[in-house]
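A quick write-up on the structure given underneath.
None of the figures in this text is laboratory data; all of them are computed from the coordinates on show. Quick caveat, the model's predicted, so the values are computed rather than measured. Every residue, glycine as well, gets a Cβ built from its backbone with ideal geometry; the counts of neighbours run over all protein chains shown.
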C-alpha cells in the first residue's frame, strides 16, 4: 500500500524501495466547474543545482522542451500510461541518469494565462502528485494537496532531491501568485 | 567536529570542547520565497532546576524576555522572517555565570502561530538549530529542522546539563505538539 505524505513531509525513496531507478511522476487535478473558461494546466520540471537554480534553459522541462539533454527527465505529455488512474500528466525520471551536479528536481503545475482568465489554484481541487515505480507499476508515495491554495497561479507540487547519498521526495504544495514567470524567476530562469 | 543531531545520541562536551565556558545557540532559516505568510521561527531557553522546571518565571528566555536575571542567558533578538545570512536568531549562554541551582538548560524552537498559519518545519527551507562554542566558533551540534523535523511545529532541540564540574549536551530532537504556550507550561512556566 502506498505511503502518503502531508505538506512539508519527506520520504527517502532509496529506503522505501531500494530497487527504484526509473520512476514515473504522475500529476493530477480536478478543475471545478466554473463559468466555462477552460483551465489549461501544464506540468513542468526544473532540474536544479546545489544553489537551487537551473544551470540553463535546457533544465526547464515543459511542453515545448520535453526531454532533458542527458535523457534523465522526460515529459510524456498528456499520454495516459495506464499504470494507474487519474494522472493528467506524467514526467519520467531515470534516477541513475540524473547529472551529478543536479541536486533537486522540482515538479510544478502552472495555469496558462491565469491572469487574463482570472483563474487560480483556489478553484482547483483534487490535486495530487505521486511516484510510481516504472518497472513494477507500483505507487511508491503520494501527496494530496489540500484545498488551501487560493491566489497561487503556479504551484510547486513536490521535489525530488538528493540527501546524504539517497533520493528523497518532499511534499511542497507552495506556489506563486505571479504564475510561471515568478516560478521560473525563482529558479534562476528569466522568461 | 560537529555532531549532526539527526543521528541522535549525546554529545560529550568534555570531548568536543574541553573547558567550555560559553555557547551560542543559533537558529537559521531561509525567508519564504513562495506566496503565503512568512515563516517566523523562535528560539527559547528554559533555565531549569533539579525537577526539570524553571527556577522562576523569568527563567523562560524568549523574544519577550530576553535576559535572565543573572545575565548569563541572553536572547539577541527576534527575527520574524529569516532574512539575513548565517544564524537568524542567537542566544548567548555564559555557563560560568549560571547559579548553582541551575541544573539544566532546555533549548527549544517553535514556529510562531504555526497552527493558524498551517506551517511546519518541512515547509521552511534550510531551517536548522545549532550549538556553537563561543570561544572558537566551532559547531558542537546541529539539527536539520527542515529535513528531520519536517512535520513538527515545535521541537525540543537539546539540553545542556551539569555533570559534576562540567556541562554535557544531550541531543533530544523531539517534536512537541501545540506550540510555545504548552511547551512553556510543560516546563513549569505559568502563562497568564
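Some notes on this structure:
- Taking each DSSP H run with n ≥ 4 as -39500 (n - 2.57) and averaging over every residue of chain A yields -1500 deg cm²/dmol at 222 nm.
- Once you reduce region B:136-192 and region B:24-53 to the center of their Cα atoms, the two points are 9 Å from each other.
- Structural descriptor for region B:1-130: relative contact order 34 percent, calculated from alpha carbon pairs under 8 angstrom and at least 6 residues apart.
- Selected from A:37, A:45, A:138 as most flexible by GNM, with chain A as the system and alpha-carbon contacts under 10 Å: A:37
- Where both bridge residues fall in the protein assembly as shown, DSSP classifies roughly 95% of the beta bridges as antiparallel.
- Volume per residue of the C-alpha convex hull in region A:35-191, rounded to whole Å³: 119 Å³
- Here the residues A:60, B:169, ranked from fewest to most Cβ neighbours within 10 Å of their Cβ, fall in the order A:60, B:169.
- Remark: A:155, B:155 ranked as B:155, A:155, counting other beta-carbon atoms within 10 Å and listing the fewest first.
- Residue with peak Gaussian network fluctuation, chain B [Cα springs, cutoff 10 Å], from B:50, B:165, B:22: B:165
- Label-to-label distance, residue A:30 versus residue B:96, with points set 7 angstrom from Cα along the beta-carbon direction: 6.7 nm.
- GNM result for chain B, Cα springs below 10 Å: residue of B:137, B:122, B:164 fluctuating most strongly: B:164
- Normalised alpha carbon radius of gyration of the protein assembly as shown [divisor 2.2 N^0.38 Å]: 1.10
- If you wrap the Cα atoms of region B:3-186 in a convex hull and average its projected area over all directions, you get 9.6 nm².
- Secondary structure note: in chain B, about 95% of the DSSP beta bridges are antiparallel.
- A simple spin-label model places the labels of residue A:49 and residue B:113 3.8 nm from each other, with each point 7 Å out along Cα-to-Cβ.
- Only helices enter the 222 nm calculation for chain B: every DSSP H run of n ≥ 4 contributes -39,500 (n - 2.57), and dividing by all residues gives -2000 deg cm²/dmol, rounded to 500.
- Counting, for every residue in B:33-43, the Cβ atoms of other protein chains within 10 Å of its Cβ and taking the mean gives 4.
- Legend: ranking of residues B:187, A:112 from fewest to most surrounding C-beta atoms inside 10 Å; resulting order A:112, B:187.
- DSSP-defined antiparallel bridges as percent of all bridges, chain A, nearest 5: 95 percent
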